[in-house]
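The values are calculated or read from the model by the stated rules, or taken from the named source; none is laboratory data. What you are looking at is a predicted structure, and each value in this text was computed from that prediction instead of being measured. Every residue, glycine among them, receives a Cβ derived from its backbone with ideal geometry; neighbour counts consider all protein chains shown. Please note that ligands, DNA and RNA were not included when accessible areas were found on the heavy atoms of the full protein model with its side chains. Shrake-Rupley method; radii C 1.70, N 1.55, O 1.52, S 1.80 Å.
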Protein chains: 4
Amino acid sequence: MQSMPDVSPTKWHLAHTTWFFETFLLAEHDPGYSLFDPDFGYLFNSYYEALGDRHPRPCRGLVTRPSLERVRDYRRAVDECLVASLDGFAARDDWPHIAALIDLGCHHEEQHQELLLTDIKHVLAQNPLAPAYHDAPATEEGRAPDLAWHAFEEGVYEIGHQGDGFAYDNETPRHRRYVHGFALASRLVTNGEYRAFIEDGGYGDARLWLSDGWDWVRAGSRTAPLYWRRADDGWQQFTLHGLEPLDEDEPVAHLSHFEADAFARWAGARLPREEELEIAVRLHGEAGPVNDLGSGRLHPAIAPAAARGPLLQLQGDVWEWTQSAYMAYPGYRPPPGAVGEYNGKFMCNQYVLRGGSCVTPAGHWRPSYRNFFPAHAQWQFSGVRLAKDL
Amino acid sequence: MQSMPDVSPTKWHLAHTTWFFETFLLAEHDPGYSLFDPDFGYLFNSYYEALGDRHPRPCRGLVTRPSLERVRDYRRAVDECLVASLDGFAARDDWPHIAALIDLGCHHEEQHQELLLTDIKHVLAQNPLAPAYHDAPATEEGRAPDLAWHAFEEGVYEIGHQGDGFAYDNETPRHRRYVHGFALASRLVTNGEYRAFIEDGGYGDARLWLSDGWDWVRAGSRTAPLYWRRADDGWQQFTLHGLEPLDEDEPVAHLSHFEADAFARWAGARLPREEELEIAVRLHGEAGPVNDLGSGRLHPAIAPAAARGPLLQLQGDVWEWTQSAYMAYPGYRPPPGAVGEYNGKFMCNQYVLRGGSCVTPAGHWRPSYRNFFPAHAQWQFSGVRLAKDL
Amino acid sequence: MQSMPDVSPTKWHLAHTTWFFETFLLAEHDPGYSLFDPDFGYLFNSYYEALGDRHPRPCRGLVTRPSLERVRDYRRAVDECLVASLDGFAARDDWPHIAALIDLGCHHEEQHQELLLTDIKHVLAQNPLAPAYHDAPATEEGRAPDLAWHAFEEGVYEIGHQGDGFAYDNETPRHRRYVHGFALASRLVTNGEYRAFIEDGGYGDARLWLSDGWDWVRAGSRTAPLYWRRADDGWQQFTLHGLEPLDEDEPVAHLSHFEADAFARWAGARLPREEELEIAVRLHGEAGPVNDLGSGRLHPAIAPAAARGPLLQLQGDVWEWTQSAYMAYPGYRPPPGAVGEYNGKFMCNQYVLRGGSCVTPAGHWRPSYRNFFPAHAQWQFSGVRLAKDL
Amino acid sequence: MQSMPDVSPTKWHLAHTTWFFETFLLAEHDPGYSLFDPDFGYLFNSYYEALGDRHPRPCRGLVTRPSLERVRDYRRAVDECLVASLDGFAARDDWPHIAALIDLGCHHEEQHQELLLTDIKHVLAQNPLAPAYHDAPATEEGRAPDLAWHAFEEGVYEIGHQGDGFAYDNETPRHRRYVHGFALASRLVTNGEYRAFIEDGGYGDARLWLSDGWDWVRAGSRTAPLYWRRADDGWQQFTLHGLEPLDEDEPVAHLSHFEADAFARWAGARLPREEELEIAVRLHGEAGPVNDLGSGRLHPAIAPAAARGPLLQLQGDVWEWTQSAYMAYPGYRPPPGAVGEYNGKFMCNQYVLRGGSCVTPAGHWRPSYRNFFPAHAQWQFSGVRLAKDL
């Protein structure tokens, strides 16, 4: 099921992540390997031009065959081959290169675990019956703590991936950046705060919006975030647990960059720059439990009342839109070959999001992690934290 | 799975045909009936404006719930209620009206049996693997007989439904029409004949096409019928049995009105008028077995060599495009209420096809039967028989 | 200036009509003629595929050069050549063929005289200042006479062009048609009657509309005819004399086929068939003065109160939409060569209008005249006369 | 004449620049002023939402009235009023604010002087006759000098407007930026170098393009810059002097950001960042004559052979695409009121260009000047200078 071109069917995610291992590991590095099905390269290549033609993205939903069962066979067969090849790989001279590809394949699959859930949410939301994907967790009581501001000093900071662990190429190289004094809000913006923006006429006041954003509002006759629905007795929100009354204290989610930016302007603040969030999380990283996929909640949570530090929710809950266009770091070079298409070619007309979400697999995220989507995208768990110049 | 707005998912066809019985029979005429699921009216109403809002046609493919199993329960439940109600209905004063609705519901379901197969064919054709729906029948040998012309005399003829049997409202009233002398080809146009048109540059010669047709050719960069594919060793054709070499003697299928019209012009002939085909079939109806859904072949067949009359293939194989715009017969009145939307409101920018196809259920067709599609439609089994003025 | 693809700039009309004479008369039949400017064929060919490539229709408005002055030189030069060649032509054996082309060129230019005014009206209507093309005539007082019905008998009638005068190929051949008993309204539908349709919710009731028409209403959020504007103190109408209060007694104009058809259904009537209007005008042709371009009014006029016969306004005022799809008459053959593209290739997805309008040049119209436009077209002076079955 | 939504008619430019003075100076600061025509605000407001509704940009070409003559009257009347008011303004307390608006109005008009020429070029290029706007200057002989690289040191630099002169808000505030070591090419890329990219298959190799750029290439079937045309005897280029043979030594012009970026990747280099070009021009500003509008050439010129410094053509000839997304400088604040819409709201999905072009009015440009267009825009005189990391 493919509810819009950006969404992929569950079956496709399952097959594509296995195709990634088959293509970049087995087919390229195991001379004795023969493809499970030569047609699968065409069907399950996502966007790697260097690997030849492929099934068009908007048509992924049309592929009724192979069946789900056969895709599961594919996953099993490739997994078994890969496991069987590991000892041989590890004994080779090019093992560091192969190991890096295995690492990449695992992180790639984790990205698709997140997309799989955001895509399923989008599909179910198209259904007038508003079906639930999952039972709701026990209701969470509580109020969001008052918003406070935390200041950071002007100066030269180091930005980008640090250390030996895994990182995508777009997080490198680590480099110096001059940062002017700024302040960040202590928590994410809530549904209640966003509702005040709506009730103050936010979607009708052109002066709050970027020019492209205002066109987007009018072309789509937009008056609320993607999954909000106005009911007779107040706002509802479509979630992975079905349609629920809007909780005013939860972080607002599924905003476009346009909406996040307009809200910030209305609030007398601005969106953070991506380096500001990276600096913040390095200095004041999450002390308590993180609401990511590991929590099983599948929905953003109210910020904890008992403050565990100056900044809450820096990790998990919702991806935080920044005002930073997605651009190459100074000295950036994509790796050679088809995997070089993983990130670099998308550095155009996209904006960076930071911090991970409630459906990001546990352990997937890093402080230098750069997610990116076009300014109109709403179907990810994307929200906003306010920032200010000092 | 919905491969284009005109195509509906199999599950939708199954539910919609049951919804038709539930809505027009049980809900309207059985006061004790309570709906199987009140949401289904929104999901499975096709186009009846009088019955309120409904799920948009291009979004039928997005409905992952209810599941197929629940739709089957729906079919079973409504069928059982209907059967249980029959005796009661038959005892009532309005039984003739109810009986007519039951009749309509059955013919409606037969129409969807045909659409279900043409829709599945379209879905499978989008798949680069070209999967088969069904095993191919034993290969048919033979050659199409030579084309001959059969003449009909000028005069006033009666056109439209005759007798007591079932007919759609658009086949009525029976009325007089002045018909000028004409001749019809003895059989359908074959793939081989159509290939000669292609090889003669038919798709590149603007003078052969209607103006709208020429725009359609260029906008779609069209060079062959919908399911033809040029392979290294000649033409192939996607069928419900998968991809097969093109049989030159079979009737050409899946033409648009534009293609049928251009071919006829190239051949020095013209498309028939709908009344001409009705006159022909009344005078020279099929004597032998008909290649409709009852044959199980699911594909057009070569015309029988041993001629059984002056005109072959008047019924079954492929729907025959006419030059007749789909218009109301003199004195036509749609029935009152929502069922009045069945035919009348579509009498605009569509063209009539006659004769039934290889996937029309046995017994569904009548000589006065009017099928209709827009001039660009190709996904039905639609072909062409040539006509001439005398 | 080109306000939509259907509209052509005034300069283009001036050049194209001269190009028609240059191409079909001088270049083809005068061996000594050399083209005024070889580039003009590309610029000013409207749609004749047989004459090669041409400037795309939607781009006509982009041609700032040649200047208007040079186009006027072009007109003068071609006119002079043509006049100078006439005696020579008249002495030749093929004079009848040449004379027929001259006739065609004159009628072609008359058609463009009408289009020039409807196109200018459309251009000025886009301007928020609503400028007038022409001073308004003295205001006309009066009331539309009551609507009456006039009946016609069932039988076989002859339809199509009769006699030796000029006619387009699409009016031929004259042929027999079986016509069922019908009645026509004595005058055109008025603005006041159409306003009642609007106020009765006509644009909001799907049951009144053809399915394509209802899509057209919703896609365009339409609530009134093309040039109507709702002002604080009632309806206004943009005319060639600028913005004016709506006169309730004038014929309604600038309806699409969809609007005419929906109005007729709301009124418990139907659109006429084209043969019905041809029969009516032959039997009860206009006795009094006709409101065509000769009247200088450039706007439809109230039907005369002193009835001059059973049927008023059969000629002039507004083109009358029929329910007849534009199709070939039995035995129709387009002439050979490029002029064969004049009419025949447009016989698809268009509807016939009859009777001429207030901007049709005097003497241009005939009882067998068939105008045709797509069902959504509104920018011609197009209105409606009601019909009924007997 | 409006050949695409981005292009405005000449008459509109003339009226809009006067409207700017009338609106922001006279109407706002001269209490006795009455508007020349109250409708002009609707017609000639470009994009200031705070000033109310306005005529849609894509429809500017439809406004045949007011005439050019009346627009000239408008310009004369507003100019006279403004001159007459100057002494009174200068005596007031808010004179600094008013003087700044006058300054802004003048720079605004200079921007439109440039747009007027690029828009006229685009309009004339649509004409199959390829008319010239202006006589060609005397042909320039010569060869582009060899390309050399000039290095710049890593460190903290000050970026942004400096001093008391005029600048747009988007050039402020001046701020510190950490810049890594880089090198710039000594001159612009030439037509000959770009032709080598084409001949090496540049438009057919997906690996060279940003993902959005590759979509743009395929959707538009692009194979060369906007105004290049392949003739039988080699490449031609449409210029303001008409169609001319391509000069291999002239700078390539009318590239999109996508093309500039793909060329740089093919050349083993990258696009500069905007701060790199600002640093370069401050350190090595143009010593010799600049090819801007003052030269009267209206076309880029070959770089001078006798080098006048390490870097040529930093100013004039063509705007230089950078890899920098157009974003707010740290601490940026748009001015209050409608003039705050001048720049800030466009900081989304646009890329910065630096250096001015051959049609930028003399004296208009500054080293901190930031021009910006979407990545697909080609109709400005936009080219490329290569950069490298050190």
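Return the pairs, sorted by first residue and then second, in which the second residue is of a type outside the set (A, V, I, L, M, F, W, C) and open to solvent by less than 40 Å² (accessible area, probe 1.4 Å), the first residue lies in segment D:172-183 and is assigned by TED's automatic domain parsing to the domain that holds D:Glu274 and over 19 Å from D:Met327 (Cα atoms), the beta carbons are less than 7 Å apart, and the residues are 6+ apart or on different chains.
Hits for this filter: D:His180/A:His175; D:His180/A:Pro330; D:His180/A:Gly331; D:Phe182/D:Glu276.
Which one of the conditions (1) under 26 Å from D:Asp261 (Cβ atoms); (2) more than 14 Å from chain A (Cβ to nearest Cβ); (3) more than 21 Å from the chain's Cα centre (by Cα) does D:Leu101 fail to meet, given that it meets all the rest?
(1)
Among the residues of segment D:23-51, which ones are open to solvent by 30 Å² or more (accessible area, probe 1.4 Å), within 13 Å of chain A (Cβ to nearest Cβ) and of a type in the set (Gly, Ala, Ser)?
Of everything in segment D:23-51, just one residue is open to solvent by 30 Å² or more (accessible area, probe 1.4 Å), within 13 Å of chain A (Cβ to nearest Cβ) and of a type in the set (Gly, Ala, Ser), namely D:Ala50.
What single numbered condition from (1) free of Cβ contacts under 8 Å to residues at least 40 places away in the same chain; (2) touching an Asp or Glu at 6+ places or on another chain (Cβ under 8 Å); (3) within 14 Å of chain B (Cβ to nearest Cβ) fails to hold for C:Pro56?
(2)
Here are A:Ala305, A:Ala262: which of them is of a type outside the set (D, E, K, R) and loosely packed, with under 15 Cβ neighbours inside 10 Å? Break it down stepwise before answering.
Working: A:Ala262 fails: loosely packed, with under 15 Cβ neighbours inside 10 Å.
Within the list A:Ala305, A:Ala262, the selection yields A:Ala305.
Given the conditions (1) surrounded by 16 or more Cβ atoms within 10 Å (Cβ to Cβ); (2) more than 30 Å from C:Arg177 (Cα to Cα), which single one is not true for B:Pro137?
For B:Pro137, the exception is condition (1).
Among the residues of segment D:247-269, which ones are among the aliphatic types (A, V, I, L, M), under 9 Å from D:Val384 (Cβ atoms) and in contact with a helix residue (DSSP H, G or I) (Cβ under 8 Å, 6 or more places away or on another chain)?
Going residue by residue through segment D:247-269, those that are among the aliphatic types (A, V, I, L, M) are D:252-253, D:255, D:260, D:262, D:264, D:267, D:269.
Checking which are under 9 Å from D:Val384 (Cβ atoms) leaves us with D:252, D:255, D:260, D:264.
Scanning segment D:247-269 gives D:Val252, D:Leu255.
Please pick out the residue among B:Val156, B:Val217 that is within 14 Å of chain C (Cβ to nearest Cβ) and not in a helix (DSSP H, G or I).
On inspection, the qualifying residue turns out to be B:Val156.
Kindly list, by first and then second residue, each pair from a residue in segment A:105-130 that is without any contact (Cβ under 8 Å) to a residue 24 or more places away in the chain and within 12 Å of another protein chain (Cβ to nearest Cβ) to a residue that is open to solvent by 30 Å² or more (accessible area, probe 1.4 Å) and assigned to a helix (DSSP H, G or I), limited to pairs with Cβ atoms under 6 Å and residues at least 6 apart or on different chains.
A:Pro128/B:Tyr42
Take the conditions within 30 Å of D:Gly296 (Cβ to Cβ) and of a type in the set (S, T, N, Q) and apply them to D:Thr223. Does it pass?
Numbers: within 30 Å of D:Gly296 (Cβ to Cβ): no; of a type in the set (S, T, N, Q): yes.
Judged against the criteria, D:Thr223 is not a match.
So C:Leu188 fits all but one of (1) out of contact with any strand residue (DSSP E or B) (no Cβ under 6 Å at 6 or more places or on another chain); (2) assigned by TED's automatic domain parsing to the domain that holds C:Ala338; (3) in a loop (DSSP other than H, G, I, E, B); (4) farther than 30 Å from C:Val339 by Cβ; what number is the exception?
(1)
Can you pull out the residues in segment B:365-377 that are open to solvent by less than 30 Å² (accessible area, probe 1.4 Å) and of a type outside the set (Lys, Arg)?
If the condition is that a residue be open to solvent by less than 30 Å² (accessible area, probe 1.4 Å) and of a type outside the set (Lys, Arg), then B:Ser368, B:Tyr369, B:Asn371, B:Ala375, B:Ala377 are the ones that fit.
If I filter segment D:340-364 down to residues being under 18 Å from D:Cys106 (Cα atoms) and surrounded by fewer than 21 Cβ atoms within 10 Å (Cβ to Cβ), which single residue comes out as farthest from the chain's Cα centre (by Cα)?
Taking segment D:340-364 first, the residues under 18 Å from D:Cys106 (Cα atoms) are D:340-343, D:356, D:359-364.
Applying the additional criterion that residues be surrounded by fewer than 21 Cβ atoms within 10 Å (Cβ to Cβ) yields D:340-343, D:361-364.
On the way: D:Gly340: 20, D:Glu341: 18, D:Tyr342: 15, D:Asn343: 14, D:Pro361: 11, D:Ala362: 13, D:Gly363: 14, D:His364: 11 Å.
Here the answer is D:Gly340.
Considering only segment A:5-27, how many residues are among the aliphatic types (A, V, I, L, M) and under 17 Å from the mean Cα position of the chain (by Cα)?
To start, the set of residues in segment A:5-27 that are among the aliphatic types (A, V, I, L, M) comprises A:7, A:14-15, A:25-27.
Checking which are under 17 Å from the mean Cα position of the chain (by Cα) leaves us with A:7.
Residues meeting the conditions: 1.
Yes or no, residue by residue, for (1) closer than 30 Å to C:Arg366 by Cβ; (2) open to solvent by less than 50 Å² (accessible area, probe 1.4 Å); (3) in a helix (DSSP H, G or I); (4) of a type in the set (D, E, K, R):
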| position | (1), (2), (3), (4) |
| --- | --- |
| C:Glu69 | no, no, yes, yes |
| C:Phe89 | yes, yes, yes, no |
| C:Arg92 | yes, no, no, yes |
| C:Glu109 | yes, yes, yes, yes |
| C:Gln113 | yes, no, yes, no |
| C:Leu147 | yes, no, no, no |
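Suppose we keep only residues that are in contact (Cβ under 8 Å) with a residue 60 or more places away in the chain and either open to solvent by 30 Å² or more (accessible area, probe 1.4 Å) or within 14 Å of chain D (Cβ to nearest Cβ) (or both) within segment A:220-245. Which one would you say is farthest from A:Leu129 (Cα to Cα)? So that I can check it myself, show each step before the final result.
Within segment A:220-245, the subset in contact (Cβ under 8 Å) with a residue 60 or more places away in the chain is A:225-227, A:238-244.
Then keep just the ones that are either open to solvent by 30 Å² or more (accessible area, probe 1.4 Å) or within 14 Å of chain D (Cβ to nearest Cβ) (or both); that gives A:226, A:243-244.
Values: A:Leu226: 17, A:Leu243: 9, A:Glu244: 13 Å.
Taking the candidates together, the pick is A:Leu226.
Inspect segment A:229-250 for any residue being modelled with pLDDT of 95 or more, closer than 22 Å to A:Ala375 by Cβ and not in a helix (DSSP H, G or I) and give the result as yes or no.
Scanning segment A:229-250 turns up no residue that is modelled with pLDDT of 95 or more, closer than 22 Å to A:Ala375 by Cβ and not in a helix (DSSP H, G or I).
For segment C:317-369, give me the residue count where each residue is within 14 Å of another protein chain (Cβ to nearest Cβ) and outside any strand (DSSP E or B). Steps first, please.
First, pick out the residues of segment C:317-369 that are within 14 Å of another protein chain (Cβ to nearest Cβ): C:321-352.
Narrowing further to those that are outside any strand (DSSP E or B): C:326-350.
The number of residues fulfilling the criteria is 25.
Identify all residues within segment D:60-84 that are in contact (Cβ under 8 Å) with a residue 60 or more places away in the chain and either over 30 Å from C:Leu62 (Cα atoms) or over 30 Å from the mean Cα position of the chain (by Cα) (or both); write none if there are none.
Matches in segment D:60-84: D:Val78, D:Asp79, D:Leu82.
Output the residue which, of all residues in segment B:165-201 that are within 14 Å of chain C (Cβ to nearest Cβ) and open to solvent by less than 40 Å² (accessible area, probe 1.4 Å), is nearest to the chain's Cα centre (by Cα).
From segment B:165-201, those within 14 Å of chain C (Cβ to nearest Cβ) are B:170, B:172-183, B:201; that's our starting set.
Of the ones still in play, those that are also open to solvent by less than 40 Å² (accessible area, probe 1.4 Å) are B:170, B:175, B:178-179, B:181-183, B:201.
On the way: B:Asn170: 15, B:His175: 24, B:Tyr178: 27, B:Val179: 25, B:Gly181: 28, B:Phe182: 25, B:Ala183: 24, B:Gly201: 29 Å.
Top of the filtered list is B:Asn170.
Are any residues in segment B:71-87 away from every other protein chain (no Cβ under 14 Å) and open to solvent by less than 40 Å² (accessible area, probe 1.4 Å), and if so, which ones? So that I can check it myself, show each step before the final result.
Quick first cut of segment B:71-87, residues away from every other protein chain (no Cβ under 14 Å) only: B:72-73, B:75-87.
Once the filter is applied, which keeps residues that are away from every other protein chain (no Cβ under 14 Å) and open to solvent by less than 40 Å² (accessible area, probe 1.4 Å), segment B:71-87 yields B:Ala77, B:Val78, B:Leu82, B:Ser85.
Quickly run through segment B:280-297 and pick out the residues that are surrounded by 22 or more Cβ atoms within 10 Å (Cβ to Cβ) and polar (S, T, N, Q).
Hit for segment B:280-297 is B:Asn291, nothing else.
Can you tell me which condition B:Ala387 does not meet? The list is (1) crowded, with 20+ Cβ neighbours inside 10 Å; (2) more than 30 Å from B:Asp135 (Cα to Cα); (3) within 17 Å of the chain's Cα centre (by Cα), and all the others hold.
Condition (3) is where B:Ala387 drops out.
Quick check, is C:Pro300 in a loop (DSSP other than H, G, I, E, B) and surrounded by fewer than 22 Cβ atoms within 10 Å (Cβ to Cβ)?
Numbers: in a loop (DSSP other than H, G, I, E, B): yes; surrounded by fewer than 22 Cβ atoms within 10 Å (Cβ to Cβ): no.
Taking the combined requirement at face value, the residue does not satisfy it.
Identify the single condition in (1) crowded, with 20+ Cβ neighbours inside 10 Å; (2) modelled with pLDDT under 95 that C:Ala15 does not satisfy, given that it satisfies every other one.
Going through (1) crowded, with 20+ Cβ neighbours inside 10 Å; (2) modelled with pLDDT under 95 one by one, C:Ala15 breaks only (2).
Aliphatic (A, V, I, L, M) and more than 27 Å from C:Pro334 (Cα to Cα): is that true of B:Leu311 in this structure? Full working, then the answer.
Working: aliphatic (A, V, I, L, M): yes; more than 27 Å from C:Pro334 (Cα to Cα): yes.
Spelling it out, B:Leu311 is indeed aliphatic (A, V, I, L, M) and more than 27 Å from C:Pro334 (Cα to Cα).
Inspect segment A:8-22 for any residue being of a type outside the set (Gly, Ala, Ser), part of a loop (DSSP other than H, G, I, E, B), closer than 25 Å to A:His122 by Cβ and within 14 Å of chain D (Cβ to nearest Cβ) and give the result as yes or no. Can you show your working first?
First, pick out the residues of segment A:8-22 that are of a type outside the set (Gly, Ala, Ser): A:9-14, A:16-22.
From the residues that got through so far, the ones that are part of a loop (DSSP other than H, G, I, E, B) too are A:9.
Next, only the ones that are closer than 25 Å to A:His122 by Cβ stay: A:9.
When the remaining residues are screened for being within 14 Å of chain D (Cβ to nearest Cβ), the result is none.
No, because not a single residue in segment A:8-22 is of a type outside the set (Gly, Ala, Ser), part of a loop (DSSP other than H, G, I, E, B), closer than 25 Å to A:His122 by Cβ and within 14 Å of chain D (Cβ to nearest Cβ).
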